Amino acid sequence: MRNLVQDTASTPSISALPDTREVLLETRGLGFETNGHHLLTDIDLQIRRGSRTVIMGPNGAGKSLLLRLMHGLISPTHGDVLWRGHALNKTARKDQAMVFQRPVLLRRSARANLKFALGVRGEKGGKRNGLIQKALTAAGLSHLANRPARVLSGGEQQRLATVRALACQPDILFLDEPTASLDPASTAAIEQLILEANANGITIILVTHDTGQASRLGQELIFLQDGEIAEIGPAHGVLKIPQSAPARALRDGQLFVKN
Amino acid sequence: MDSFWNVLASAVGLVFAFDPDLMEIVGLSMQVTLSAVAIACLIGFPLGAIAGAFRFPGRTLLSIVLNALMGLPPVVVGLLVYLMLSASGPLGPLGLLYTPTAMIIAQTVLVTPIVAALTKQVVEDLYQEYGEQFTSLGVGPLDRVMALLWDARYSLLTVALAGFGRAVAEVGAVIIVGGNINHVTRVMTTTIALETSKGNLELALALGVILLAIAFAVNALVMTLRASAVRAAYA
C-alpha cells in the first residue's frame, strides 16, 4: 500500500512524522481494462483529509481515468475504491465534487446553474440563495449572475464550474486539468479558489500537465506512466529530484518518448 | 370550370369575408391539431428523454419501434382507432366515434412516435455532454429528465413543429374516425377533399390558402423563437 505521507519519510522536504489525518479515499489494486488493454494497473493510494494531491503524466497515462474511477463515474474492472473505508457508492459521491477540463454548464444563467446544483444536493430557500450569492461573489461573477452561462468567457465559465462544485460543500474536490486552456489571470483565479477551498478543509485532487501549477498547488504528487504509478511522493521532492525517467524528462522540459 | 385565377380570387374573397362556416372549420382543425400535438408532446417528450438518457433492457427495441412508427400509414391508424372506438370495439361504450375526440386520438397516435423519436435524438446528443456532470452532481432520474427537457426546450420546439406539420396535414385517419360530419367533425383537410370532389373549388382552395398560411405562420413563429434563443446563447 502506497501511503503518500509515509513515503515522505525518505525525503527531506516533508516532515517524517506520521500523518494522523483521516484516510478519506483509498484505492486498492485499482485497475481498468477494456478490450484487453490495461489502461490502469494496480493503483494503491491513500488520500488523507485536507491534502492536496497532484496527478501528472503524459497523455494516455490514465490520469483522467484515475480521477473518474476515484469519483465513481466509471466502475473499475479490478480492485476497489474505498470512501472512508467503505465501498464508494452514490451516497458517498454526494460528499465529492468534480470540475472537468471543459466546464459543463447548463443552458441557463450563471445563477440558475448554481441553483440547479444546490437543488440537487437538497438545498432550498434562503440557505440556497445565500450559498448562491456566496459562490457568485467568490467567483467574481455577481455582476454576471443573470447572464447565460454559455456566453461567459472561458475563464468565467471555469470559475463558475469551480464554485458550483464548491457550493455543494464536498469533502473532496477532483479537478481534471481545470486551467488547461486558460490564460495566466484566469489560471490564478482558479488556483486561488482551490487554495481557499483547501484552507477550508476540502481535500484536493488535481490533474495537470503544468509543473508550475503542480509546484504551486501540490503537496503530494503522483506521476503516472502507461497506466502505472511511475513515481509518488511529496510534490516538491518529485519535481526537484525525480527518480523516474518520465518525471525527470518533465522537470527538464524534455520530450519523453517511450521506445 | 372557372379559370384558376377566378377560383383563386373567389377563394381569397371567402377568406377575407370571414365566412362563419369557413371559420368554424378552421377553428375545429386548430382545436383538434393543437390538442393532439399537445398530448403527443406530453407523452413523447418524457418518453423520448427517457430513451435518450437512460440505458435499460429493451431500449434498442423501443428505439426501433419509435422510428418505425414515425412512418405509420394514417389510414391504418384511422382503421385501428375506428375498430377500437366502434360500437363493437373495446372503447365503443364511450361513444367517441365520429367526434372530435376520436380525431384527436387518431392524430395523437400518429404524432406521438414522431415527437418521441426526435426527442430521443435531441436528448441523446445533449446527454453526451451532460451525463458525467449529472452523475458527479448526483442528479436523480426525474431531475435528469426534467433538466434535459428544459435545456433542450428550443430544439424541442422544432420537434413539436414536426408533429404539428404531420397533424395539421392529416386527412386519412381523421376522415375514417371523424366521418367528416358538417358542423361536427369537418376539418380543413377533409373539407378540401370533399369540396374538391364536389367541384366546389373556391371553398377548397380558400381552405388550402388558410392551411398554408397557418403552416407558414407557425413555422415562422417557432423559428423566430429559436433564433432568439440562439442569439441569447441558450441553444
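The values are calculated or read from the model by the stated rules, or taken from the named source; none is laboratory data. Note that the coordinates shown come from a computational prediction; the quantities given were computed from them, not determined experimentally. As a convention, Cβ positions derive from the backbone with ideal geometry for all residues, glycine included, and neighbour counts pool all protein chains shown. In case anyone asks, the SASA skips ligands and DNA or RNA and just uses the protein heavy atoms, side chains included. Shrake-Rupley method; radii C 1.70, N 1.55, O 1.52, S 1.80 Å.
State the number of residues belonging to region A:22-61 that are crowded, with 17+ Cβ neighbours inside 10 Å and over 17 Å from the mean Cα position of the chain (by Cα).
6
With the requirement that a residue be free of Cβ contacts under 8 Å to residues at least 24 places away in the same chain and open to solvent by 40 Å² or more (accessible area, probe 1.4 Å), what does region B:126-152 give you?
B:GLN128, B:GLU129, B:GLU132, B:LEU142, B:ASP143, B:MET146, B:TRP150
Inside region B:171-188, can you point out the residues that are over 12 Å from B:LEU22 (Cα atoms) and either in contact (Cβ under 8 Å) with a residue 24 or more places away in the chain or among the acidic types (Asp, Glu) (or both)?
Restricting attention to region B:171-188, the residues satisfying the condition of being over 12 Å from B:LEU22 (Cα atoms) are B:171-181, B:184-185.
Of everything in region B:171-188, those that are over 12 Å from B:LEU22 (Cα atoms) and either in contact (Cβ under 8 Å) with a residue 24 or more places away in the chain or among the acidic types (Asp, Glu) (or both) turn out to be B:VAL171, B:GLY172, B:ALA173, B:VAL174, B:ILE175, B:ILE176, B:VAL177, B:GLY178, B:GLY179, B:ILE181, B:VAL184, B:THR185.
Please state which one of A:ALA117, A:ALA112, A:ALA92 is assigned to a helix (DSSP H, G or I), within 14 Å of chain B (Cβ to nearest Cβ) and touching a Cys at 6+ places or on another chain (Cβ under 7 Å).
Details: A:ALA112 fails: touching a Cys at 6+ places or on another chain (Cβ under 7 Å); A:ALA92 fails: touching a Cys at 6+ places or on another chain (Cβ under 7 Å).
Answer to the selection: A:ALA117.
Out of everything in region B:98-112 that is more than 11 Å from the chain's Cα centre (by Cα) and either open to solvent by less than 10 Å² (accessible area, probe 1.4 Å) or free of Cβ contacts under 8 Å to residues at least 40 places away in the same chain (or both), what residue ends up being farthest from the other protein chains (Cβ to nearest Cβ)?
Ranking the candidates gives B:ALA102 first.
Can you say whether B:LEU83 is of a type in the set (A, V, I, L, M, F, W, C) and within 14 Å of chain A (Cβ to nearest Cβ), as far as the supplied structure shows?
Details: of a type in the set (A, V, I, L, M, F, W, C): yes; within 14 Å of chain A (Cβ to nearest Cβ): no.
No; evaluated as a whole, the condition is false for this residue.
Look at B:VAL81 and say whether it is under 30 Å from B:LEU207 (Cβ atoms), under 16 Å from the mean Cα position of the chain (by Cα) and assigned to a helix (DSSP H, G or I). Working first, answer last.
Working: under 30 Å from B:LEU207 (Cβ atoms): yes; under 16 Å from the mean Cα position of the chain (by Cα): no; assigned to a helix (DSSP H, G or I): yes.
It is false that B:VAL81 is under 30 Å from B:LEU207 (Cβ atoms), under 16 Å from the mean Cα position of the chain (by Cα) and assigned to a helix (DSSP H, G or I).
In the list B:THR196, B:THR185, which residue meets the criterion of being in contact with a helix residue (DSSP H, G or I) (Cβ under 7 Å, 6 or more places away or on another chain) and not in a helix (DSSP H, G or I)?
Numbers: B:THR196 fails: not in a helix (DSSP H, G or I).
Every option except B:THR185 fails the conditions.
Could you look through region A:71-89, keep only residues that are closer than 16 Å to B:GLY131 by Cα and outside any helix (DSSP H, G or I), and pick out the one that is farthest from the other protein chains (Cβ to nearest Cβ)?
Our first condition is that a residue be closer than 16 Å to B:GLY131 by Cα; within region A:71-89, this holds for A:71-75.
Of the ones still in play, those that are also outside any helix (DSSP H, G or I) are A:72-75.
Details: A:GLY72: 8, A:LEU73: 5, A:ILE74: 9, A:SER75: 11 Å.
Looking at the filtered set, the residue picked out is A:SER75.
Given the conditions (1) without any contact (Cβ under 8 Å) to a residue 40 or more places away in the chain; (2) more than 10 Å from every other protein chain (Cβ to nearest Cβ), which single one is not true for B:VAL115?
Among (1) without any contact (Cβ under 8 Å) to a residue 40 or more places away in the chain; (2) more than 10 Å from every other protein chain (Cβ to nearest Cβ), the lone unmet condition for B:VAL115 is (1).
Quick check on this structure: which one of B:ALA227, B:ALA233 is within 14 Å of chain A (Cβ to nearest Cβ), at pLDDT below 85 and more than 20 Å from the chain's Cα centre (by Cα)?
Numbers: B:ALA227 fails: within 14 Å of chain A (Cβ to nearest Cβ).
The match here is B:ALA233.
Which one of the conditions (1) farther than 24 Å from A:LEU66 by Cα; (2) within 12 Å of chain B (Cβ to nearest Cβ); (3) within 22 Å of the chain's Cα centre (by Cα); (4) surrounded by fewer than 18 Cβ atoms within 10 Å (Cβ to Cβ) does A:GLN101 fail to meet, given that it meets all the rest?
(1)
Quick test of your reading of the structure: A:GLN225 fulfils all but one of (1) under 24 Å from A:GLN96 (Cα atoms); (2) open to solvent by 10 Å² or more (accessible area, probe 1.4 Å). Name the failing condition by number.
Every listed condition holds for A:GLN225 apart from (1).
I'd like to know if region A:134-154 contains one or more residues that are within 26 Å of A:LYS94 (Cβ to Cβ), assigned to a loop (DSSP other than H, G, I, E, B) and either open to solvent by 50 Å² or more (accessible area, probe 1.4 Å) or in the same structural domain as A:ALA61 (by TED's automatic domain parsing) (or both).
no
Of all the residues that make up region A:207-219, how many are open to solvent by less than 10 Å² (accessible area, probe 1.4 Å) and not in a loop (DSSP other than H, G, I, E, B)?
Initially, region A:207-219 is screened for residues open to solvent by less than 10 Å² (accessible area, probe 1.4 Å), giving A:207-208, A:213-214, A:217-218.
From what's left, not in a loop (DSSP other than H, G, I, E, B): A:207, A:213-214, A:217.
Qualifying residue count, region A:207-219: 4.
Any residue at all in region A:128-148 that's modelled with pLDDT under 95 and facing chain B (nearest Cβ under 10 Å)?
The answer is yes, given that some residue of region A:128-148 is modelled with pLDDT under 95 and facing chain B (nearest Cβ under 10 Å).
Answer yes or no: is there a residue in region B:81-101 that is among the aliphatic types (A, V, I, L, M), closer than 17 Å to B:ALA167 by Cα and modelled with pLDDT of 95 or more. Write out each step before concluding.
Taking region B:81-101 first, the residues among the aliphatic types (A, V, I, L, M) are B:81, B:83-85, B:87, B:91, B:94, B:96-97.
Now drop any that are not closer than 17 Å to B:ALA167 by Cα, which leaves B:81.
Okay, now just the ones that are also modelled with pLDDT of 95 or more, so B:81.
Yes, because at least one residue in region B:81-101 is among the aliphatic types (A, V, I, L, M), closer than 17 Å to B:ALA167 by Cα and modelled with pLDDT of 95 or more.
Within the bounds of region A:183-191, is there any residue that is in a strand (DSSP E or B) and touching a Lys or Arg at 6+ places or on another chain (Cβ under 8 Å)? Break it down into steps so the answer makes sense when it comes.
Of region A:183-191, the ones in a strand (DSSP E or B) are none.
No, every residue in region A:183-191 fails to be in a strand (DSSP E or B) and touching a Lys or Arg at 6+ places or on another chain (Cβ under 8 Å).
Is it the case that region B:56-68 has a residue that's under 30 Å from B:LEU149 (Cβ atoms), in contact with a Ser or Thr (Cβ under 6 Å, 6 or more places away or on another chain) and assigned to a helix (DSSP H, G or I)? Full working, then the answer.
Of all residues in region B:56-68, those under 30 Å from B:LEU149 (Cβ atoms) come to B:56-68.
Subset that is in contact with a Ser or Thr (Cβ under 6 Å, 6 or more places away or on another chain): none.
No - not one qualifying residue is present in region B:56-68.
Quick check on my filter: what residues within region B:173-199 are within 17 Å of B:SER86 (Cα to Cα) and open to solvent by 10 Å² or more (accessible area, probe 1.4 Å)?
The first filter runs over region B:173-199 and keeps only residues within 17 Å of B:SER86 (Cα to Cα), leaving B:173-181, B:185.
If the condition is that a residue be within 17 Å of B:SER86 (Cα to Cα) and open to solvent by 10 Å² or more (accessible area, probe 1.4 Å), then B:ILE175, B:ILE176, B:GLY179, B:ASN180, B:ILE181 are the ones that fit.
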